[in-house]
1. Pop out the ³J(HN,Hα) list for region 152-161 in order, Karplus 6.51 cos²θ - 1.76 cosθ + 1.60 with θ = phi - 60°, rounded to Hz; leave Gly and Pro as x.
2. Quick one: grab the alpha carbon gyration tensor of region 106-167, order the square roots of its eigenvalues as a ≥ b ≥ c, and give me rounded if a/c is under 1.5, else prolate or oblate depending on whether a/b is larger than b/c.
3. Tell me, in nm to one decimal, what length is gained between Gln146 and Ala98 on full extension, where the rule is 0.36 nm per residue of separation less the Cα-Cα distance?
4. Between Phe136 and Asp39, what is the label-to-label distance in nm when each label sits 7 Å out along the Cα-to-Cβ direction?
5. Give the peptides 80-90, 37-47 in descending order of average Cβ contacts within 10 Å, highest first.
6. Note down the nm distance, to one decimal, between modelled labels 7 Å out along Cα→Cβ at Thr112 and at Thr81.
7. Assuming a ≥ b ≥ c are the square roots of the Cα gyration tensor eigenvalues, decide whether region 41-99 counts as rounded (a/c under 1.5), prolate (otherwise, with a/b larger than b/c) or oblate.
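Please treat every number below as a calculation from the coordinates, not as lab data. Predicted model, so just to flag it, every value in this text is computed and none were measured. Glycine also receives a Cβ, built like all others from the backbone with ideal geometry; neighbour counts cover every protein chain displayed.
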Amino acid sequence: MLANKERRELFSFLSTSIQDVVKEKKPKETILRPPYFSDINAFDIECQNCEGLCATSCQEQIIIIGDDKTPRLDFSKSGCTYCDDCAVACTPDVLKVANKKLIEEKVAISQTQCMSWEGVMCFSCKDPCLEDAIDFKAMFTPTIDQEKCTSCGFCISRCPSYAIEVKGI
């Protein structure tokens, strides 16, 4: 029979081991950049002395300035309209209207978190999709048509079960 001290050491070891495994399995955070850049490294160099005008000019208020002083997109409240305002406001020219492109990451629906996949009638993601990229087959199985999707993020903030997320390419 294990003594109290040996049990504590065993449980402490197991707990630490489990925490290490959980840390290793955490996915790396995907940093979404405004879609008007040509050189990803320019964010780390040029944005350090900038006043963050790209963020203050964003109509949807989805551009936030991170701790590293670089702009990133936050789809928790809204999505990108590709309006060009952030690129026009960017004085260091990291963002340029001439470099306009779609957001490079893909958007995906988690079947295990999606209420529709569980039989609940919910069209919260489909309604704000301007590109009609979310298809519902048999009313309960939404999928994203990647050919139509612009990765604007409007569906992400509208999902009540947080089942839509950005996936790296």
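1. These are the phi-based 3J(HN,Hα) values: 5, x, 4, 5, 5, 6, 8, 6, x, 10 Hz.
2. Here region 106-167 falls in the prolate category.
3. Values: separation 48, 0.36 × 48 = 17.28 nm, distance 2.41 nm.
Residue separation times 0.36 nm, minus the Cα-Cα distance, leaves 14.9 nm.
4. 4.7 nm
5. Per-residue Cβ counts within 10 Å, averaged per peptide and sorted highest first, yield 80-90, 37-47.
6. So the label points at Thr112 and Thr81 sit 3.7 nm apart.
7. On the way: a/c = 1.91, a/b = 1.24, b/c = 1.54.
Judged from the Cα gyration tensor, region 41-99 comes out oblate (a/c at least 1.5, b/c at or above a/b).
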